[in-house]
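Worksheet: the structure to be examined is printed underneath.
The values are calculated or read from the model by the stated rules, or taken from the named source; none is laboratory data. Computed from a predicted structure; not experimentally measured. So basically every Cβ, Gly included, is an ideal-geometry build from the backbone, and we count neighbours across all protein chains shown.
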Amino acid sequence: MSPLRSMSVFALIGPEIKEFISNKDFNGLKASLKSIHSMDIAEGWRYLEPREKIIVFKLLGTKKAVEVFENLKLAEQDFIMKNLDNAEVVQIINEMAPDERADLFKELPSKVFKKFSTIINKDEARNVSKLMDYKEGTAGSLMTTDLVELRRDMTARQAILAVQQNLSAEYRENIYSIFVTDENHKLIGSTSIQDLLRAPPDMQIKDIMSSADMIKIQVDKDIKEVSTWFKKYDLLDAPVVDRDNILVGLITVDDIVEVIERQATKDIYEIGKMDAKGGEILSYARATIMDLVKRRAGWLIMLLVFDFLTGTVLKSFEATLSSVVALAFFIPMLLDTGGNAGAQTSITIIRGMATGDVNLKNVWRIIKLELLAALLMGVIVGGVAFGRAFLLQKDFFLAVVVGTSMLLIAILAISTGVFLPLFSKRVGLDPAVLAGPITTSVVDVVGLIIYFKIAQIFIPALRF
C-alpha cells in the first residue's frame, strides 16, 4: 500500500479489517496488516472496537507490534497491557527502544511499574532505571542508550562487523554516526556509516574518525538548547556525555522533530491563551466539550480579571467622557491597534529567543532597533488615526488628541512587547505565558490614561 496520509489510509483499510474479523478470516487479516505502515495503524487505532484492537495487535509481527505500541497514547498502551498475558507484554517491553520504554514506565502506576521492572530483561530494567533518573526536559530524558561503540584500534572491517551485530540484535534507532570510545567508554571521536563503508577494510578507525567535541551534548543540557544545537550544526544524531565525557547515550533527529513539534504547539497555544499541557495537541477527533473548556476557561477568567482594570480607568474618567462623548468613538481603535502592535513585537521577540536569534550579546541592539521602529510606526499609525478622527468629527483638536494618543500608545505597546518577554526570560518564566496577557493589559490601562490625559490638555472644555 502506498504511503498515504494516515487518516485516508485507515479510512480505506478500516472497513476491510472489520470485515476480516467479522468473517474470522485471521490469515487474510494478518497478510493485510503486513502491507500497512505501523504509524497508520497507530493513527487509526481509535476507530477500532476493543475486541478488534486485541485481535489486530496479536496478529502483528513482533517488530510492527512494538512500533505500533510505541506510537499509541498511554491509555491505549495501558489497555493492551491489561489484555495481554504477562509473557506477551514482557516481549513487547523488552523490544521497545530504551527511551520509549522509559517514557512508558514513567507514566505507569507504581504497582504496575514494580511488577514489570522485576520480570523484564535485567539489562533492560537497569537501562530504564538510569533513563528515568534523568531530569525531565534534559538531553538525558530524551536520549536512547541503543548505540554502537567502536575502539580506535579497530579496522574498518571489524567496525562493520560490530555494527552488523548490533543490527542483528534489533538495533532500534536509525544509524547515521558511530562513536569511538576508549576502554573507559570516554568519547574520543565519531565517524559516519558512509565513511566507514568507503574506507579500506584494513584502515584503522583512528585514521577514519573525526573529533566529536563540536557535536557532543551534555546529559543535563536543556532540550530546547539541544534542538537549537541540532539546527545549528545540521545534525542527524549526536552523542550524549556526562561530566566525565563518558558516552551515555544518543539523540537522533526524529527525537528532535518531536521536541520541536511539541514546543511549537505549546508556544502557539500559550500565545493563543490556552492551557498548553506541555505541547499536547488538542485533537478534535478525540476532544470532548470538557477538554475544550478545561483548556480555555482558566485563561479567559484570568484575562477577564485583567480587563476589570480597564473598566476602573473608564469610570475614573467618566466626567471627561460625558463632556466629550466623541472620545468614546475612538477607544476600540486605539486599544486594538496598540494590542496588535504589542502582539506583533512580543511574538517576534519570543520566536527570536526560541531560535537563539535574541540573546544577551545582541539584546541592546534589538531594543534600539525595536524602539526606533516603534517611533516610526507610531508616526504612521498616528497620522492615519488623525485623518480618520478629523474626517469623522471635523474637529481639529479632537483629531490631534486621537493622533497623538495613537502615536504614544503604539510606542508603549511595542516597548512593552520588547521588554516583557526579556524580563520574563530573565526571571525564569515562560515569555509566551507571561508576555501576552500583561502586554494587552498594560496597553489597555495605560493607553486609556494617556488618551484621556492628552484630551484634557488639547480640548478646552475638559480643562478643569
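Computed quantities for the displayed model
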| read-out | value |
| --- | --- |
| Odd one out for G189, checked against (1) touching a residue at least 40 places away in the same chain (Cβ under 8 Å); (2) crowded, with 16+ Cβ neighbours inside 10 Å; (3) more than 18 Å from F230 (Cβ to Cβ) | (1) |
| All positions within the stretch 232-257 that are surrounded by fewer than 14 Cβ atoms within 10 Å (Cβ to Cβ) and either under 15 Å from the mean Cα position of the chain (by Cα) or in contact (Cβ under 8 Å) with a residue 12 or more places away in the chain (or both) | K232, Y233, R243, D244, D254, V257 |
| Selection count where residues are assigned to a loop (DSSP other than H, G, I, E, B) and surrounded by fewer than 17 Cβ atoms within 10 Å (Cβ to Cβ), scope the stretch 37-70 | 2 |
| Conditions (1) at pLDDT 70 or above; (2) in contact with a Leu (Cβ under 7 Å, 6 or more places away or on another chain): number failed by E173 | (1) |
| Residue, surrounded by the most Cβ atoms within 10 Å (Cβ to Cβ), within the stretch 413-434, restricted to residues that are under 17 Å from G339 (Cβ atoms), in contact with a helix residue (DSSP H, G or I) (Cβ under 7 Å, 6 or more places away or on another chain) and at pLDDT 80 or above | A413 |
